[in-house]
1. Count of lysine pairs in the chain with Cα atoms under 21 Å apart, counting only pairs 8 or more residues apart in sequence or on different chains?
2. Put one equal scatterer on each alpha carbon of the range 120-253, apply the Debye formula with no solvent term, and list log10 I(q)/I(0) at q = 0.20, 0.21 1/Å to two decimals.
3. Given a 1.4 Å probe and every protein chain left where it sits, what share in percent of the accessible area of the chain is carbon and sulfur?
4. Over the Cα atoms of the range 1-49, each weighted equally, I'd like the Debye log10 I(q)/I(0) at q = 0.21, 0.23, 0.27 Å⁻¹, rounded to two decimals.
5. Go through ALA354, LEU15, THR540 and say which Cα lies farthest out towards the positive end of the charge dipole of the chain; charges sit on Cβ, +1 for Lys and Arg, -1 for Asp and Glu.
6. Note down the magnitude of the dipole of the range 97-179 about its Cα centre, charges +1 on Lys and Arg C-beta and -1 on Asp and Glu C-beta and zero elsewhere, to the nearest 20 debye.
7. Relative to the present Cα-Cα distance, how much length would full extension add between GLU447 and THR475 at 0.36 nm per residue of separation?
8. Just grab the label-to-label distance for VAL309 and GLN531, each label 7 Å out from Cα along the Cβ direction, in nm (one decimal).
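The values are calculated or read from the model by the stated rules, or taken from the named source; none is laboratory data. As the structure is a computational prediction, the values presented were derived from the model and not from experiment. For neighbour counting, all protein chains shown are included, and Cβ atoms are generated from backbone atoms with ideal geometry for every residue, glycine included. Ligands, DNA and RNA are excluded from the accessible area calculation, which covers all protein heavy atoms including side chains. Shrake-Rupley method; radii C 1.70, N 1.55, O 1.52, S 1.80 Å.
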Amino acid sequence: MPRRLSYLLAVAALLGWMAFAMVTEAVQQSPTIDEPVYVGAAVVYEQQHSLRYNPEHPPLGKLAMASGLVFSSPALDPAYNQNQTLLGRHLLYESGNNPYRLMLDARIPMIVLTLLFGLVVLGFARDLAGPWAGLMALVLYAFDPDVLAHGSLATLDVPTAGLMLTSFWMLWRARTRPGVYLPLAGVALGAALATRASALPVVPLVLILSFLAVRRRWWIRALAAIGVGALAVAVVWAVYLAVDPSLRWSTPAGVTNPGGLRGLAVDLLPFPAPYRDGVLIQFQFESSSFNGFLLGHAYHGRLWYYLPVALLIKTPLGLLALWAAGAVTMLVRRSLRVAALYTLLPSLVLFLVAMTGARDFGTRYVIFMPMFMTVAASTLLTIRRPAPVGDPAGDAPREQAGAAPDAVGGRGARVRKMVLWPTLALVVFAAVSSARVFPYFLPYSNEAFGGPAKTHLRLHDANVDWGQDLARLATRLRDRYPGQPVWLVYKGSGVPEYYGIHGRDPLSASNQEVHGLLVVSDSRVALAGGQLKMLIDSSTPIDEVGYSITVYRR
């Protein structure tokens, strides 16, 4: 009993740390670029039962936000009909609402979901490699800076990734009890699809694993897979009907079917028309071209290696080492190779698909990696003894080794120490690397790339500066630079005047007029050209706010 109690206390402490860190972020950060769009759509869902806003993403994640927003009863004019970006601004800053309260209420459900997905990570790793592996996985998850950063925001990336992980965990358990866990896998898959269409690439894999989970005749296996798919489809339909039981919908202007295989695939999706049109909107995004920034170089378009490099910069070094070691362990040990189909394979499929995207905006597009790979890393704790002769995977019984029990036991103890102590050291290294940047997890980069103070020199947008530090900027200007003239170039969805920042636009004045403080979002610094670059080059950096906004003196 004492050991069980200690285990539960450790789990509670880790989840408590996560809750504290994420709530702190949620309270201190101003709205990021995407959040007002989602929050505005969530309020329209709840008050008007209309699907017309933000159709490029399915409604479930925004319905979760709406569950928190009911406590603040936001006011919104039902006749307002501007675009979704202006809707978010109007709701937060022009309707008499308290943007601090609204954003916190929308973020709390996302924080709760992030904590629940921590239990999924714990349970999955525990099933694969035992209770201590589960605890190790939870430690890595609880201190992952990307999880802490995006789990505290009212966005859709973490919920989608967590629901996909839940589906594959249920599929793993379905190998022994398919009647119980296959339906749960289907529901979790449907929930992921109803949150973001980026979950579509794992559908074939889920159906194949559902087929393999049933140890019966082939037609019974086929029926099981069809049943899982049908449940997922039903969940998507139920989510859309929950918003608007009449499914009133008109295809937005400019949305067209591209034809070919992609167009045919969209037509064949067994989902409501708003879902299919949302996928078409995503296709239009992916056919566009955007500005990017990587390793100090600005570019237009996309780089196929952007996400691997960004992940290398923004993941703690200890965690990278554990991911790699865990992946090798799963592939080398015969008893874990099947489990690789449920962890390594889905993460690989999703990562390869994400690499084809047109938007080089951040590691949030691969936020599933910390979840799946943390589970894989925990399998290092299954290495307990040297492999006997003829059993390179190390899974044969001890008696087959051809060695005396004492000799095998001695070697096993040495191997345990050889694996355990470096593993623990890497876990501690990863946790400390993340915790020391509290509460600035969004701009995190690891020690090899200079830490969060240097992230803006190598990455931009949601990797470092997503508009989250406007409130912190207001405090800094008030405390350190009262009364000084401010020239502001801000990238974000917040309204500076609401926070007491009355800065002029330096790009609307001549360079000779711009004197005092020049305040520039680091994403704008990264892509600066023309007049802005001239202003920055002729100014002296004197301060940094939240590792995402630079203050210059002119």
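1. Total qualifying Lys-Lys pairs in the chain comes to 4.
2. So the normalised log intensities work out to -1.16, -1.21.
3. The computed percentage sits at 64.
4. -0.79, -0.85, -0.93
5. It is LEU15, whose Cα lies furthest towards the positive end.
6. Charge dipole of the range 97-179: 320 debye, to the nearest 20.
7. Length difference between fully extended and current span is 7.2 nm.
8. For VAL309 paired with GLN531, the spin-label model returns 3.1 nm.
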